[in-house]
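Engineer: Here it is: the structure, laid out below.
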Amino acid sequence: MLGQQLSATERGVAVATIWAEARYNYAYWDRVRSDWDSALAASLRLAAEPQSDLLFYRRLRRLVALLGDGQSAVIAPPHLRSRIARPPLLLESVERRPFIVDYAENDEMRVAHPERLAELIAVQGIPAEAWIRDSVLPEIAGATAADRWARAVAWMLEGEKGTSLHLLVRGPRGEPRGLSVTRSLSLNDRWPLDPPALAMDTLPVGVAVVHIASLADAEAVRQLDLAFPDFGRVQGLVLDLRHAAAGKTEYAYQILARLSDHPFPAVRWKTPEYRAGFRAWNLADSAFTWYGLDYGTVAPRTDRPAYAGPIAVLASSTTCGAAEDLLAAFKAAGRGVIIGEPSAGSPGDVATFALPKSWGVQFSVARHQAPDGTEFAGVGIKPDVVVVRTVNDLLAGKDAGLERAREYLQRGR
């Protein structure tokens with residue numbers, strides 16, 4: 001079959017490996033609501049059928065999505081990644097409705113000229129909500145309904161590279177029109193609409209706005225240090241984590257350690273510890289036995305001056321992973337206020353497990369809790385001030401969360 005690289009046996013091994021590794025290593029096993037054994041049996045039956053690697057990839061994504069982990073993913077090999085693509089349109093969910101917030105220019109986009117802030121109301125003649133719910137959402141992993149839906153909107157046009165999509169969009173002035181686009185940017189290509197790891201803005205009266213989009217490496221820390229060798233002119237600071245996902249907690253702590261002149265408590269963590277002998281004694285297995293170290297505190301950095309002024313942090317339903325650890329530590333330290341929406345509820349350290357022929361799977365293997373022991377997996381870090389993004393705000397060019405942060409900082413001063 002065209003595009004088939006895995007044999008039926010290798011597909012079965014991949015399914016069985018995912019089942020076993022998740023059963024004994026997934027840190028949030030108590031949150032899995034699906035029958036994992038039944039999912040194994042059904043997935044093995046499907047894996048035995050003749051199929052392309054692309055179809056098998058989608059089926060594995062459905063299996064992994066049952067874990068409810070926003071950091072889980074099926075990792076396709078390079079040859080398959082080159083066949084999975086989407087058009088260069090940046091889509092965001094606002095009140096559960098998909099909007100085109102930006103696009104990258106290429107020859108097709110220059111002709112199609114999609115309108116920014118246009119709402120996507122149908123795909124291939126199917127209403128957008130039904131398309132997302134039936135065709136996209138079952139493959140999307142996430143710990144909260146809001147995060148899953150936002151991820152589904154972002155990836156709703158993904159499919160086989162080179163195939164065309166007919167979209168029906170409605171512009172900001174209310175006029176619908178058709179739009180034809182091609183899935184041209186593969187998973188191997190650089191996504192041109194990714195924001196930088198850290199970006200800066202300023203507001204009047206000395207308020208600095210720091211937008212963090214990634215904690216995957218030390219780049220955000222380095223850029224923060226370059227932008228603020230000291231904080232002499234900063235009268236208030238907004239830390240925008242609304243688009244921050246995944247990454248490493250150590251970089252979150254390095255950023256927060258520049259924004260505090262006192263030690264702050266670290267998040268708690270523990271990881272499953274499997275003890276086979278417990279099964280012989282009919283005692284709890286690894287789902288209830290844990291290994292963890294003393295959590296301690298994080299000291300302010302001494303290599304550069306700390307900022308001790310007022311801070312407001314912006315969060316959204318897609319703030320995920322290490323950024324949620326930053327939120328939890330920030331809240332415990334009492335450094336300021338969190339404004340926006342509950343975060344994605346997908347904290348924890350991620351491990352990658354090898355599957356046949358350079359495939360892989362990843363999910364959370366360490367369970368993170370707030371410094372006081374509060375669980376936030378599946379519910380997120382709750383903001384102190386709730387501000388929900390609305391369609392009216394989007395179309396009016398209004399950032400209500402940032403406005404509320406500015407008001408808070410002005411009152412604080």
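Engineer: Charges on Cβ only, +1 for Lys and Arg, -1 for Asp and Glu, centred on the Cα centroid of segment 281-413; of Val385, Ser358, Trp281, which one is farthest towards the dipole's positive end?
Structural biologist: The one lying farthest along the dipole's positive direction is Val385.
Engineer: Just the number, please: carbon plus sulfur as a percent of the accessible area of segment 55-148, 1.4 Å probe, no ligands or DNA/RNA counted.
Structural biologist: About 53 percent, which is the carbon plus sulfur part of the accessible surface.
Engineer: Normalising by the residue count of segment 51-132, find the relative contact order in percent from Cα pairs under 8 Å and 6+ residues apart.
Structural biologist: It comes to 17 percent, rounded to a whole number.
Engineer: In addition: Whole-Hz ³J(HN,Hα) for each residue in segment 134-144, computed from phi via Karplus 6.51 cos²θ - 1.76 cosθ + 1.60 with θ = phi - 60°, x for glycine and proline: what do you get?
Structural biologist: With the stated coefficients, segment 134-144 comes to 8, 9, 10, 4, x, 9, 9, 8, x, 8, 10 Hz.
Engineer: Using 0.36 nm times the number of residues separating Thr297 and Ala276, minus their current alpha carbon distance, what extension gain do you get?
Structural biologist: Extra length from Thr297 to Ala276 when fully extended: 4.2 nm.
Engineer: Using alpha carbons only, how many angstrom separate the centre of segment 9-38 from the centre of segment 44-66?
Structural biologist: Measuring centre to centre over Cα atoms gives 14 Å.
Engineer: Helix-derived [θ] at 222 nm for the chain: sum -39500 (n - 2.57) over DSSP H runs of at least 4, divide by residue count, nearest 500?
Structural biologist: -8000 deg cm²/dmol
Engineer: If you don't mind, there's one more thing I want to ask. Based on Cβ point charges of +1 for Lys and Arg and -1 for Asp and Glu, what charge dipole magnitude is obtained for the chain about its Cα centre, in debye rounded to the nearest 20?
Structural biologist: The dipole of the chain has a size of about 300 debye.
Engineer: Determine the percent antiparallel among the DSSP beta bridges restricted to the chain, to the nearest 5.
Structural biologist: So the antiparallel bridges in the chain amount to around 75 percent.
Engineer: Just check the chain against the gyration tensor rule for me: Cα atoms, a ≥ b ≥ c as the square roots of the eigenvalues, rounded for a/c under 1.5, and otherwise prolate or oblate depending on whether a/b exceeds b/c.
Structural biologist: Oblate, since a/c reaches 1.5 and b/c is not below a/b.
Engineer: Rolling a 1.4 angstrom probe over the protein heavy atoms, how many square angstrom per residue are accessible across the chain?
Structural biologist: Roughly 45 Å² per residue, with all protein chains present.
Engineer: Could you tell me, in Å, what Rg and Dmax come out for the Cα atoms of segment 1-49?
Structural biologist: For segment 1-49, the Cα-based Rg and Dmax read 12.6, 40 Å.
Engineer: Where the accessible area of segment 241-352 is counted over protein heavy atoms with a 1.4 Å probe, how much of it, in %, is carbon and sulfur?
Structural biologist: After summing per-atom areas, the C and S share lands at 53 percent.
Engineer: Over what distance in Å are the Cα centres of segment 287-335 and segment 179-257 separated?
Structural biologist: After rounding, the separation between the Cα centres reads 16 Å.
Engineer: Counting pairs of Cα atoms in segment 104-198, how many percent are more than 14 Å apart?
Structural biologist: 72
Engineer: Separation of segment 113-154 and segment 339-413 by C-alpha centroid, Å?
Structural biologist: 19
Engineer: Can I ask one more? What does the accessible area of Thr319 come to, in Å² to the nearest 10, when a probe of 1.4 Å is used?
Structural biologist: 0
The values are calculated or read from the model by the stated rules, or taken from the named source; none is laboratory data. Worth saying up front: this structure is predicted, and the values here are computed from it rather than measured. Heads up, the Cβs are rebuilt from the backbone with ideal geometry, glycines too, and the neighbour counts pull from every protein chain shown. Surface areas here come from the heavy atoms of the whole protein model, side chains and all, with no ligands, DNA or RNA. Shrake-Rupley method; radii C 1.70, N 1.55, O 1.52, S 1.80 Å.
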